[in-house]
Amino acid sequence: VVVNGEDRLSAVLSEFARTVITEFPIQRILDHLVERIIEVLPVSSAVVTLISNEFSVADLRQEDHEPTIAPATVAVGLAAVFTFPLRHGTERFGTLDLYCDAPGMLDAADMVAAQTLADVAAAYLLNAKARDEALARSERFHQISMHDSLTGLPNRRLLEERLQHAAQRARRTRTYTSVMFLDLDEFKQVNDTYGHLVGDELLRVVSRRLLRLIRSGDTLARFSGDEFVFLCEEMNSAGDVETLAKRIDATFAEPFDVAGIELTIGASVGLAFAGPGEDVSSDLLVRADMAMYRAKRANEPGRITVDVRKARRSIDNDVLEVDLRAALQADELDVAYQPIVRSADGRVSGVEALLRWTHPGRGAVSPAVMVPIAERSGLISEVGAWVLERSCRDHGRWTRLHPDIPLDLAVNVSVRQLTGRDYCADVAAALDSADMDPRSLVLEITESIIMEHSDRIMTVLAGLNALGVRLALDDFGTGYSSLSYLGRMPIQIVKIDRGFIADIGDASGRAIVAAVTDLAHVLGLTVVAEGVENVQQRDATSAIGCDFAQGYFFAQPMPAASIEALLVA
Ligand code: C2E
Ligand code: MG
Ligand code: MG
């Protein structure tokens with residue numbers, strides 16, 4: 001019996017020893033100890049009580065464990081209580097109380113075992129206490145190292161941590177995440193004029209005011225010096241941030257009272273978004289920072305001004321970017337077609353597809369604004385693919401309606417599309433699904449593409465030619481490419497930029513158009529004059545020998561349905 005008892009005791013002790021090194025909550029381990037004691041010793045219940053208030057850990061069953069223990073235990077039918085001290089050196093900080101149903105003594109071995117268990121419990125508790133204290137210290141340290149000591153705001157490290165969490169959440173919730181970078185204008189001047197103490201106080205006052213603008217769950221961090229960052233998560237639309245931007249604007253319209261000095265100070269704000277399903281990363285911080293610098297460049301130096309308004313433009317572009325993404329899904333994009341006519345007989349020989357976007361709030365957004373935004377954000381591949389697909393479909397309808405009228409379709413292409421994944425395959429697929437003759441398709445590329453003539457791009461252009469698709473060099477003369485390039489590129493058409501056509505009235509303008517046209521013809525290229533606005537320009541381009549012309553003189557860009565009507569006429 002004794003051996004068996006010792007075995008069980010040592011089993012409990014070793015089990016207990018193992019738990020000491022784990023992160024188990026103290027309460028659970030003590031519960032477990034108390035349960036096992038009952039199995040090892042001839043007692044009916046056991047209680048650990050801590051009498052030292054050094055322990056933050058609640059003792060077991062404390063409520064029903066009064067100091068006047070004997071009468072209470074007798075009342076509930078317990079006959080004997082044995083108390084073993086929990087010791088730390090000579091100090092006693094608690095007890096292990098064992099209760100028996102029957103009166104009488106525990107035998108000597110049980111008494112030794114009980115004290116052993118009490119000692120082990122004591123060692124465990126001291127260990128756990130030390131662990132908790134170390135944890136609290138490190139939490140305090142963490143807290144300090146993650147916050148800015150001047151303003152108490154989260155610092156850059158904590159911001160980056162929050163951004164990581166935001167990334168995980170954004171993947172789940174498919175909402176908008178935004179980062180707004182705010183930099184005080186002329187903060188250095190405040191420091192220089194009033195001293196650093198006033199500068200520090202200004203930062204505190206500003207941070208308190210900014211804190212009032214954010215929703216719970218958003219983060220306002222002090223990034224460095226006079227830079228603050230807002231991290232806003234789980235927004236349903238880009239409009240939510242515009243509201244915040246407006247509130248920031250209003251906040252800086254009010255002067256700041258800093259140690260009795262009234263300071264009017266401005267801020268430059270840059271904003272970047274990640275839309276639903278997009279990656280949230282520290283890239284967002286970089287983009288917001290860049291937007292802020294663009295805003296700052298627009299400021300007038302030398303004065304402390306409220307200038308969030310001037311930051312609006314870069315905010316606007318980022319908002320537009322988000323809206324463009326939504327527009328793709330919401331079918332707000334459209335394609336207009338501008339006829340291209342043959343100089344010889346004035347007949348429509350083709351159309352150019354031009355992207356159109358009617359923004360629900362702003363009305364028409366010009367491709368000159370939209371295309372660069374789409375290029376910067378990488379959306380251009382999707383937008384471009386949409387334009388191609390849509391215009392090939394329209395073209396298919398026209399040729400089915402009028403199989404006797406051959407009509408070329410010209411579509412603009414950005415360099416970013418060419419460098420994307422397998423562009424040739426996308427074009428082939430679009431042609432295929434619209435059942436379109438590749439020889440009717442012209443892809444318009446700009447000189448910047450030619451200038452970049454990397455092997456990769458040249459391969460793509462050659463691939464397009466191999467499909468039977470023709471390539472046009474758009475806006476010729478606006479870039480840096482020289483006439484000598486024309487012969488070296490895999491192009492079939494040159495579109496002379498409307499700037500030259502506008503100057504065609506004077507001798508030098510006319511000479512340039514004539515020279516380009518002649519050279520192009522020598523090289524076997526076809527020439528299109530762009531931006532023909534009046535009859536003089538029409539006559540001049542046709543006299544020079546431009547094969548085709550395009551411009552308001554002939555027709556404005558128009559909806560697909562109007563092209564249908566035009567073909568009937
Ligand atoms: P672009 O390819 O040179 O297209 C011709 C532009 O000149 C069009 O402007 C057209 O409306 C305008 N235009 C036509 N005739 C006249 C005229 O007689 N006088 C004047 N002043 N302008 C005339 P839009 O539609 O605003 O497009 C601007 C540019 O945006 C295009 O220039 C093209 O580079 C780009 N773009 C348009 N759609 C797309 C697209 O789907 N993808 C890409 N990547 N770029 C596009
Ligand atoms: Mg074009
Ligand atoms: Mg052009």
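No lab work stands behind these numbers, since they all come straight from the coordinates. Here the structure is a predicted model, which means the values were calculated and not measured. Every residue, glycine as well, gets a Cβ built from its backbone with ideal geometry; the counts of neighbours run over all protein chains shown.
Phi angles across segment 343-353 convert, under the Karplus curve 6.51 cos²θ - 1.76 cosθ + 1.60 with θ = phi - 60°, into 3J(HN,Hα) values of 4, 4, 10, x, 8, 5, 9, x, 9, 9, 7 Hz, Gly and Pro given as x. Put simply, the amide H of Val335, placed in the peptide plane, has neighbours under 5 Å in Arg356, leaving out anything fewer than 5 places away on its chain.
DSSP beta bridges confined to the chain are antiparallel in about 70 percent of cases. Nearest 10 degrees, 0 to 90: what angle lies between the long axis of helix 455-467 and the longest principal axis of the chain (Cα atoms)? Helix 455-467 sits roughly 60 degrees off the main axis of the chain.
Pairwise Cα distances in segment 171-255 exceed 17 Å for 50 percent of all pairs. In vacuum, with every alpha carbon of segment 386-477 counted as one equal point scatterer, what does the Debye formula give for log10 I(q)/I(0) at q = 0.15, 0.18, 0.22 Å⁻¹? Two decimals, please. Those come out to -0.55, -0.78, -1.10, one per q. Seen against the Cα atoms of the chain and their longest principal axis, helix 239-253 is set at about 80 degrees.
Rounded to two decimals, what ratio of Rg to Rh does segment 478-569 give with C-alpha atoms and a Kirkwood Rh?
Working: Rg = 14.3 Å, Rh = 14.0 Å.
Rounded to two decimals, Rg over Rh is 1.02.
Give the calculated FRET efficiency between Glu91 and Ser44 to the nearest 0.05, with a Förster radius of 25 Å applied to their Cβ-Cβ distance.
Values: r = 30 Å, r/R0 = 1.18.
Plugging the Cβ-Cβ distance into 1/(1 + (r/R0)^6) gives 0.25.
Residues whose amide H lies under 5 Å from that of Ser349, counting only those 5 or more places away or on a different chain, are Ile340, Val341, Arg342; hydrogens are built 1.01 Å from N in the peptide plane. Sorting 129-139, 558-568 by their mean Cβ neighbour count within 10 Å, with the most densely packed peptide first, gives 558-568, 129-139. Computed over the alpha carbons of segment 151-209, Rg followed by Dmax gives 16.0, 49 Å. Summarising the label geometry, the points placed 7 Å from Cα in the beta-carbon direction at Ser562 and Ala11 lie 9.2 nm from one another. Here the mean projected area of the convex hull built on the C-alpha positions of the chain is 44.1 nm².
Translational D (Stokes-Einstein, µm²/s) of segment 323-470 at 10 °C and 1.306 mPa s when Rh comes from the Kirkwood sum over C-alpha pairs?
Working: Rh = 16.1 Å.
Here the translational diffusion coefficient equals 99 µm²/s.
Each peptide in 190-196, 463-469 was scored by the mean count of other Cβ atoms within 10 Å over its residues; highest first, the order is 463-469, 190-196. Packing, taken as the mean count of other beta carbons within 10 Å per residue, orders the peptides 225-234, 338-347, 209-218 from highest to lowest as 225-234, 338-347, 209-218. Spread over its residues, the convex hull of the C-alpha atoms of segment 498-550 is 59 Å³ per residue. Listed values for segment 358-375 are Karplus-derived 3J(HN,Hα) couplings in whole Hz (6.51 cos²θ - 1.76 cosθ + 1.60, θ = phi - 60°), namely 9, 6, x, x, 9, x, 5, 10, 5, x, 5, 8, 6, 4, x, 5, 5, 5, and x replaces Gly and Pro.
For segment 108-168, what Kirkwood radius comes out of the mean inverse Cα-Cα distance, in Å? Each step should come with its number before you reach the end.
Working: mean 1/r = 0.0668 Å⁻¹.
After inverting the pairwise mean of 1/r, the radius is 15.0 Å.
Between helix 423-433 and the chain there is an angle of about 70 degrees, using the helix long axis and the longest principal axis of the Cα atoms.
Provide, for the chain, the number of lysine pairs with alpha carbons under 27 Å apart, each pair being eight or more places apart or on different chains.
Values: Lys188/Lys246; Lys188/Lys296; Lys188/Lys310; Lys246/Lys296; Lys246/Lys310; Lys296/Lys310.
Lysine pair count for the chain: 6.
Plainly put, segment 449-530 has a radius of gyration that is 1.00 times its Kirkwood radius, both from alpha-carbon atoms, as the Rg/Rh ratio. Residues whose amide H comes within less than 5 Å of that of Ala80, counting only those at least five positions distant or on another chain, are Cys100 (H built at 1.01 Å from N in the peptide plane).
Across segment 319-334, computed HN-Hα scalar couplings (Karplus, 6.51 cos²θ - 1.76 cosθ + 1.60, θ = phi - 60°) run 5, 4, 4, 5, 5, 4, 4, 5, 4, 4, 6, 7, 6, 8, 7, 8 Hz from first to last residue, x flagging Gly and Pro.
Convex hull over the alpha-carbon atoms of segment 426-465: what's its volume per residue in Å³?
Values: hull volume 2.7 nm³, N = 40.
Convex hull volume per residue, Cα atoms: 67 Å³.
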